[in-house]
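Right, one structure below, let's go through it.
Here, each number is a calculation from the coordinates, and none is a lab measurement. Being a predicted model, the structure only gives us computed values, none of them experimental. Glycine also receives a Cβ, built like all others from the backbone with ideal geometry; neighbour counts cover every protein chain displayed.
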Amino acid sequence: MKTYRELFREIYLFYKGRLHEPRREAELLLSYLLDRKVAECYLENPEVPAETEKQALEISRLRALEKIPLAYLLGRWHFYGQTFAVDENVLIPRPETEQLVETVLEDRQGGSLKCLEIGVGSGIIILTLALKRQGWNFTGIDRSQAALEICRKNSLSFGLNNVTLLEADIAAFAPQDKFDLIISNPPYVSAERMIFLSAEVKKEPEIALFGGEDGLDFYRIISGFSEQHLNPSGAVYLEIDDNQKEPLEEIFGSFGKRRFYRDYAGFWRIMKVML
Ligand code: GLN
């Protein structure tokens with residue numbers, strides 16, 4: 001059996017010149033397969049079972065040669081302290097989206113709020129919130145049946161019973177209810193930016209990325225929807241792209257007070273709207 005460090009070196013050398021971040025990629029792969037933090041892998045330098053080694057080599061080949069994102073090859077990804085099942089029908093969880101969740105959790109501690117997520121994907125936002133706020137009531141919609149399947153699987157694995165998931169397109173969604181919180185990480189990539197996405201991001205579902213010609217289609221729809229369906233003391237939380245702050249000020253201009261938050265890299269990433 002090889003040790004972690006031996007196998008790391010082998011995969012690192014294979015990745016070098018083939019991937020942008022060979023060291024980080026090799027570390028992440030083995031950290032997931034060994035179910036240990038990267039630092040622990042180095043410190044403990046565990047022996048790698050033959051079966052795990054075989055899996056690591058298979059995955060590293062597909063990762064480097066086919067440019068398939070690691071999350072899809074593993075079928076799971078960490079988000080906000082939990083592991084979520086993912087596949088090529090959903091976006092890969094991103095750290096920026098953890099900040100969206102964090103912002104909601106910081107703003108709203110208790111109570112029993114009614115919360116809607118538009119475009120749940122794998123469910124990272126809605127299910128993390130549902131775990132942290134068990135007294136709240138959650139509805140999640142997605143227009144992709146395949147994404148909903150993954151989300152249901154994740155919801156089941158967390159044993160949640162405060163989440164209702166529906167197949168619906170926000171453009172045609174007309175529920176009876178009003179909500180205290182409306183949350184979304186909608187598709188927001190413009191037609192122009194779609195062309196320049198990296199090979200990895202191009203493996204992610206277009207339905208979850210493409211936000212129409214200027215990338216703002218879903219914000220327009222969500223703005224109209226929220227005017228009808230947000231409770232007076234409620235708030236809308238949206239993930240956005242850095243260059244969308246100005247047009248979004250306008251789209252939500254007649255709606256309410258807006259506040260923007262930057263992500264850890266310094267880009268505008270979250271918008272909150274209150275009546
Ligand atoms: N953050 C993604 C990107 O810019 C886009 C995610 C989205 O459209 N919601 O690649």
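Taken over segment 30-84, residues that are assigned to a helix (DSSP H, G or I) and either within 21 Å of the chain's Cα centre (by Cα) or among the hydrophobic types (A, V, I, L, M, F, W, C) (or both) amount to 22. The criterion of at least 1 residues that are among the aromatic types (Phe, Trp, Tyr) is met by the following strands (runs of 3 or more DSSP E) wholly inside segment 85-204: 137-142, 179-184.
Filtering segment 173-200 down to residues that are of a type in the set (Phe, Trp, Tyr) and more than 21 Å from the chain's Cα centre (by Cα), which residue is farthest from the ligand (Cβ to nearest atom)? Per the stated criteria, the residue is Phe179. Could you please let me know if Pro247 is within 10 Å of the ligand (Cβ to nearest atom) and either under 20 Å from Glu96 (Cβ atoms) or among the β-branched types (Val, Ile, Thr) (or both)? Criteria not met by Pro247. The conditions of being touching an Asp or Glu at 6+ places or on another chain (Cβ under 7 Å), within 16 Å of the ligand (Cβ to nearest atom) and in contact (Cβ under 8 Å) with a residue 40 or more places away in the chain are not met by Ser144. Looking across segment 205-215, the residues that are under 19 Å from Ile141 (Cα atoms) and buried (at least 17 other Cβ atoms within 10 Å of the Cβ) come down to Pro205, Ile207, Ala208, Leu209, Phe210, Gly211. Checking each residue in segment 227-262 for being surrounded by 19 or more Cβ atoms within 10 Å (Cβ to Cβ), touching a helix residue (DSSP H, G or I) at 6+ places or on another chain (Cβ under 6 Å) and either in a strand (DSSP E or B) or of a type in the set (D, E, K, R) (or both) picks out Val236, Tyr237, Glu239.
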